[in-house]
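The values are calculated or read from the model by the stated rules, or taken from the named source; none is laboratory data. Nothing here was measured: the structure is a model prediction, and the numbers come from that model. Cβ: placed from backbone, ideal geometry, glycine included. Neighbour counts: every protein chain shown.
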């Protein structure tokens, strides 16, 4: 068998490239709200509901895809996910009604991008790499998703300007297929689990024991607020920019800056979880979000304000994922990491559903997002405190990264 250490960069970079495509497409969906509304007259609340369903379905598929990958191998599951993602993007322009958008964007693109995302990729990589390299690998994979947002968000805005929202979706459908050649490297021909034998009782017992653990429940609670925060911003930041009388390019570049900043944040998070307790990393990340939102609410709404706000939030945007995945692995091992971490992602996306949906309701009823900002700030502060009681052993003082 090939030395696991020698596989680090090929496996990590291939998984990161898949994340670049799936997350880049997924995180650009908010840019379509205004064009679809202008073309169809559906209303922002109705389109936001379709994207809220997408947030929820992306989470629902995580533990299911993780369990399928744990049982049948990563390769087949990832191929199915990429094809479903491409199909959802291709169908969206052909089904422009509310139920059509719920089916194409809310279900198909969400399920496809969810399969080609964290739970399956983290689980596959964790089973191929030594324990001391898993944190850094998760950071690199996460950075791939952030780089996808940095590249694909402004590119999508440009595609909408050039070809309209329908043409932009068809280009994204073709783009998603570029992930197919990378799957073989990540699945590694069905590499067996390297770090843990199957525990007695199998998957059912592993899930039951996890939900009987207070630390796992607290981890879910914190991740719920993370999902609320991210979905509200990625869905409604373009609307907030529009309310301030700024051009759409400010929104697309803000999303791109979030992705760029999170590249550094994700790699830093992967490094930090090798040196510090993951729960403390999460405490500082969530706490910083509450502070940044407070500062944003006190600042004038200018291009520079949005870009600085995006850079600050972007550093922790999805950088919460490596410490969360690492905590799950520490608590329960890697044999069922794809499933157990997938369940935390489901909770994350339940929060995301409410973040996207309630943002649309807030705008429809009040004409702005004021009370959502205060709710987001409060939940971020609560998430920081929730992580402190999690059971996690202290790190050795000079532990290797």
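Considering only segment 91-99, I want to know if a residue exists there that is surrounded by fewer than 24 Cβ atoms within 10 Å (Cβ to Cβ), over 24 Å from residue 236 (Cβ atoms) and over 15 Å from the mean Cα position of the chain (by Cα). Yes; the residues of segment 91-99 include at least one that is surrounded by fewer than 24 Cβ atoms within 10 Å (Cβ to Cβ), over 24 Å from residue 236 (Cβ atoms) and over 15 Å from the mean Cα position of the chain (by Cα). The conditions of being under 22 Å from the mean Cα position of the chain (by Cα), surrounded by 17 or more Cβ atoms within 10 Å (Cβ to Cβ) and assigned to a loop (DSSP other than H, G, I, E, B) are not met by residue 324.
Closer than 30 Å to residue 240 by Cβ and in a helix (DSSP H, G or I) - does that describe any residue in segment 70-83? So far as segment 70-83 goes, no, none of its residues is closer than 30 Å to residue 240 by Cβ and in a helix (DSSP H, G or I).
Residues in segment 12-21: is at least one in a helix (DSSP H, G or I), at pLDDT below 90 and either surrounded by 24 or more Cβ atoms within 10 Å (Cβ to Cβ) or touching a helix residue (DSSP H, G or I) at 6+ places or on another chain (Cβ under 7 Å) (or both)? Yes, segment 12-21 contains a residue that is in a helix (DSSP H, G or I), at pLDDT below 90 and either surrounded by 24 or more Cβ atoms within 10 Å (Cβ to Cβ) or touching a helix residue (DSSP H, G or I) at 6+ places or on another chain (Cβ under 7 Å) (or both). Scanning segment 210-246 for residues that are closer than 26 Å to residue 325 by Cβ and not in a helix (DSSP H, G or I) yields 212, 213. Taking segment 84-103 as the range and being part of a helix (DSSP H, G or I) and touching a residue at least 24 places away in the same chain (Cβ under 8 Å) as the test, the residues that pass are 84, 85, 86, 87, 88, 89, 90, 92, 93, 98, 101, 102.
Among the residues making up segment 352-396, a single one is outside any helix (DSSP H, G or I), within 24 Å of the chain's Cα centre (by Cα) and under 26 Å from residue 53 (Cα atoms): 369. I'd like to know if segment 104-123 contains one or more residues that are in contact (Cβ under 8 Å) with a residue 12 or more places away in the chain, more than 16 Å from residue 340 (Cβ to Cβ) and out of contact with any helix residue (DSSP H, G or I) (no Cβ under 7 Å at 6 or more places or on another chain). No, there is no match, as no residue in segment 104-123 is in contact (Cβ under 8 Å) with a residue 12 or more places away in the chain, more than 16 Å from residue 340 (Cβ to Cβ) and out of contact with any helix residue (DSSP H, G or I) (no Cβ under 7 Å at 6 or more places or on another chain). Considering segment 246-259, and only residues there that are within 19 Å of the chain's Cα centre (by Cα) and modelled with pLDDT under 85, the residue that is nearest to residue 315 (Cα to Cα) turns out to be 259.
The residues listed here are 163, 147, 103; of these, the one that is surrounded by fewer than 24 Cβ atoms within 10 Å (Cβ to Cβ), within 30 Å of residue 37 (Cβ to Cβ), within 17 Å of the chain's Cα centre (by Cα) and at pLDDT 80 or above is 147. With respect to the stated conditions, residue 310 fails to be outside any helix (DSSP H, G or I), crowded, with 20+ Cβ neighbours inside 10 Å, modelled with pLDDT of 85 or more and under 20 Å from the mean Cα position of the chain (by Cα).
Taking every residue in segment 194-214 that is at negative phi and surrounded by 14 or more Cβ atoms within 10 Å (Cβ to Cβ) and pairing it with any residue that is in a loop (DSSP other than H, G, I, E, B) and modelled with pLDDT under 85, at least 6 positions away or on another chain, the pairs with Cβ-Cβ distances below 6 Å are 194/127; 195/334; 196/333; 196/334; 196/335; 203/336; 206/336.
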